[in-house]
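Presented below is the structure to which this report refers.
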Amino acid sequence: MYDGIVQDLIDEFGRLPGIGPKSAQRIAFHILQTPTFDVSKLSRLLGELRERVRFCDLCGNVSEQDRCAICRDPRRDQSFICVVEDAKDVSAIERTREFRGLYHVLGGAISPIAGIGPDDLRIAQLMQRLADGTVTEVILATNPNLEGEATATYLSRLLHTLEIRVTRLASGLPVGGDLEYADEVTLGRAFEGRRVL
């Protein structure tokens, strides 16, 4: 569509997840048309990202050190581990300021269609973390979709053999939502997860 480097840049942005052709074009033209946009800083940060950022040896979260800030924090409750699919899920839960335990990032979810099985996830590392008896509850916070449910079911069966409480995040109606727009599965889960007031 465009000549040379402009199209190359649009194509490269378009390869990023969640960025379609129109968004890629907008980003490229924003960089091109904004004289104050610091291209060298963006380039430097992308280079440093590859060099400095890795995954926490213990939980799998992103970190610039061997252990992430959450695993290094002595104020965190060592008896709770919240199991999530990806490192970005840790950030989402941390924004709530409701959970003060530790995390375990699986690195995905079981998906036979995509060829991802339990051995492709960080499940063995989770089992190693649970072996010393410090953890009393594992909270399964995988996504409420087919893959996330399959992963949660697999983990709950696996963890059932241990003397650890296994819980699943509640799911149901969003705050501010209308019943008439809820699908049957969401509404059904809302009924299952109801609580006494």
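The values are calculated or read from the model by the stated rules, or taken from the named source; none is laboratory data. In this text the structure is predicted, and so the values were computed from the model without any measurement. Note that each Cβ is placed from the backbone with ideal geometry, even for glycine, and that neighbours are counted across all protein chains shown.
Side notes on the structure shown:
- G108 vs. criteria within 17 Å of the chain's Cα centre (by Cα) and either farther than 18 Å from G148 by Cβ or not in a helix (DSSP H, G or I) (or both): yes
- Residue within the stretch 158-179 that is closer than 30 Å to D73 by Cβ, in a loop (DSSP other than H, G, I, E, B), basic (K, R) and in contact (Cβ under 8 Å) with a residue 12 or more places away in the chain present: no
- Evaluation of R189 against the conditions (1) buried (at least 16 other Cβ atoms within 10 Å of the Cβ); (2) part of a loop (DSSP other than H, G, I, E, B) shows that the sole unmet condition is (2).
- On the stretch given as the stretch 108-126, residues that are under 24 Å from L162 (Cα atoms) and surrounded by 14 or more Cβ atoms within 10 Å (Cβ to Cβ) total 10.
- Just one of the numbered conditions (1) closer than 25 Å to R194 by Cα; (2) in contact with a Gly (Cβ under 9 Å, 6 or more places away or on another chain) is not true of D120: (1).
- Listed here are the helices (runs of 4 or more DSSP H) enclosed by the stretch 1-102 that have at least 3 residues being modelled with pLDDT under 95 and not assigned by TED's automatic domain parsing to the domain that holds N145: 4-14, 21-33, 39-52.
- Residue count for the stretch 115-137, restricted to those that are free of Cβ contacts under 8 Å to residues at least 24 places away in the same chain and part of a helix (DSSP H, G or I): 4
- Checklist (1) surrounded by fewer than 16 Cβ atoms within 10 Å (Cβ to Cβ); (2) of a type in the set (A, V, I, L, M); (3) within 26 Å of R54 (Cα to Cα) applied to V105, failing item: (1)
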